[in-house]
Amino acid sequence: MYFNTHTHLNSEELYHQRDVLIKKARDHGITDIIVAGYDLQSSRLAVKIANEYSRVYATVGISPNDCLETTDECYKEIEEMLSDPNVVAVGEIGLDYYWDSVPRDKQKAVFIKQIEIAKKHDIPIVIHARDAYEDTFHILQQSAHRGVMHCYSGSVEMAKRFVEVGFDISLAGPVTFKNAKIPKDVAMKIGIDHLMIETDCPYLTPHPFRGKLNEPANVVYIAQEIAKLKDMEIDDVARITAFNAKELFGIK
């Protein structure tokens, strides 16, 4: 019923528990899970996990916080991974000016190159953007491609601009936080036909489990909060967001 579009079962915290966590997710009605790469090693692990379990998929890519040493050989390996049928997107890729640990010019160059790879292979992109929405928007506007804004934390106005250029909006744990006005506004004002749900586990654990390790099964709480904010049935939120994900990622 639920499609959790972004997890890090390839993380140090979750990888060795993946059997238990995937079973628990299935027991909670999560039928489909994406494991997202953020550098070469995590991308390799994402592909490995996707090949171990049915209805688990991978994205491969180099995130802005992990791109300082990116070379042509790195791009070549990312491109090679796209031949695996369980890889459904390039990502997570993008810009991050919050940490600013990688020069912005380098982030932009790596971001643009990976968009070009995705376009070449006609595969969507998964975007990481933090404190860099304007620059991210301009690059995506020029790219004329499609994808999803993962773990979106920007404004409603910015979200609408991303939707206009072909991107869905994925909401994670922060939409459940009691004082998180902006994510709740996004959930209310962006049409359900453009929304997806994710956990980004092991990070951003939703209420009421904040402070504990996040896991794939917790995507139910994100759907629950969106249903409340939109005055919808939770089953409808689960069904429509899963449909949106399958449409974008080309999953039958």
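The values are calculated or read from the model by the stated rules, or taken from the named source; none is laboratory data. A quick note: this is a predicted structure, and the numbers were derived from the prediction, not measured. We place every Cβ from the backbone using ideal geometry, glycine too, and count neighbours over all the protein chains shown.
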Quickly run through segment 23-48 and pick out the residues that are within 18 Å of Tyr2 (Cβ to Cβ), in contact with a helix residue (DSSP H, G or I) (Cβ under 7 Å, 6 or more places away or on another chain) and hydrophobic (A, V, I, L, M, F, W, C).
Ala25, Ile30, Ile33, Val35, Ala36
Scan segment 101-120 for residues that are within 20 Å of Val165 (Cβ to Cβ), surrounded by fewer than 19 Cβ atoms within 10 Å (Cβ to Cβ) and not charged (D, E, K, R) and jot them down.
Ile112
Which one is modelled with the highest pLDDT among residues in segment 170-182 that are touching a helix residue (DSSP H, G or I) at 6+ places or on another chain (Cβ under 7 Å) and surrounded by fewer than 24 Cβ atoms within 10 Å (Cβ to Cβ)?
Pro174
So, first residue under 18 Å from Ile169 (Cα atoms) in segment 230-252, second residue surrounded by 14 or more Cβ atoms within 10 Å (Cβ to Cβ) and of a type in the set (Ser, Thr, Tyr), Cβ within less than 6 Å, six or more apart or across chains; the pairs are Ala238/Tyr2; Ala245/Thr5
hydroxyl-bearing (Ser, Thr, Tyr) and closer than 26 Å to Ala132 by Cβ - does that describe any residue in segment 160-174?
yes
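Could you check, for segment 75-95, whether at least one of its residues is more than 19 Å from Pro124 (Cβ to Cβ), surrounded by fewer than 21 Cβ atoms within 10 Å (Cβ to Cβ) and among the charged types (D, E, K, R)? Steps first, answer last, please.
So the first thing to find is which residues in segment 75-95 are more than 19 Å from Pro124 (Cβ to Cβ), and the list is 76-77.
Add one more test, that the residue is surrounded by fewer than 21 Cβ atoms within 10 Å (Cβ to Cβ), and what stays is 76-77.
Now restrict to residues that are among the charged types (D, E, K, R): 76-77.
Yes, segment 75-95 contains a residue that is more than 19 Å from Pro124 (Cβ to Cβ), surrounded by fewer than 21 Cβ atoms within 10 Å (Cβ to Cβ) and among the charged types (D, E, K, R).
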Selection count, segment 210-223, where residues are closer than 22 Å to Lys181 by Cα and touching a residue at least 12 places away in the same chain (Cβ under 8 Å)
8
Within segment 19-64, residues buried (at least 21 other Cβ atoms within 10 Å of the Cβ), closer than 20 Å to Leu213 by Cα and not aliphatic (A, V, I, L, M) come out as Gly37, Tyr38, Ser42
Going through segment 172-190 one residue at a time, which ones are over 22 Å from Cys201 (Cβ atoms) and within 18 Å of the chain's Cα centre (by Cα)?
Ile190
Across segment 207-252, which residue is surrounded by the most Cβ atoms within 10 Å (Cβ to Cβ) among those that are among the β-branched types (Val, Ile, Thr) and part of a helix (DSSP H, G or I)?
Val219
Between a residue in segment 27-44 that is of a type in the set (Val, Ile, Thr) and any residue that is in a strand (DSSP E or B) and surrounded by fewer than 24 Cβ atoms within 10 Å (Cβ to Cβ), which pairs come within a Cβ distance under 8 Å, given they are 6 or more apart or on different chains?
Ile33/Val56; Ile34/Val56; Val35/Val56
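Can you pull out the residues in segment 184-209 that are in contact (Cβ under 8 Å) with a residue 40 or more places away in the chain and in contact with a strand residue (DSSP E or B) (Cβ under 7 Å, 6 or more places away or on another chain)?
Taking segment 184-209 first, the residues in contact (Cβ under 8 Å) with a residue 40 or more places away in the chain are 184, 187-188, 192-204.
Ala187, His194, Leu195, Met196, Ile197, Glu198, Thr199, Asp200, Cys201, listed by residue number.
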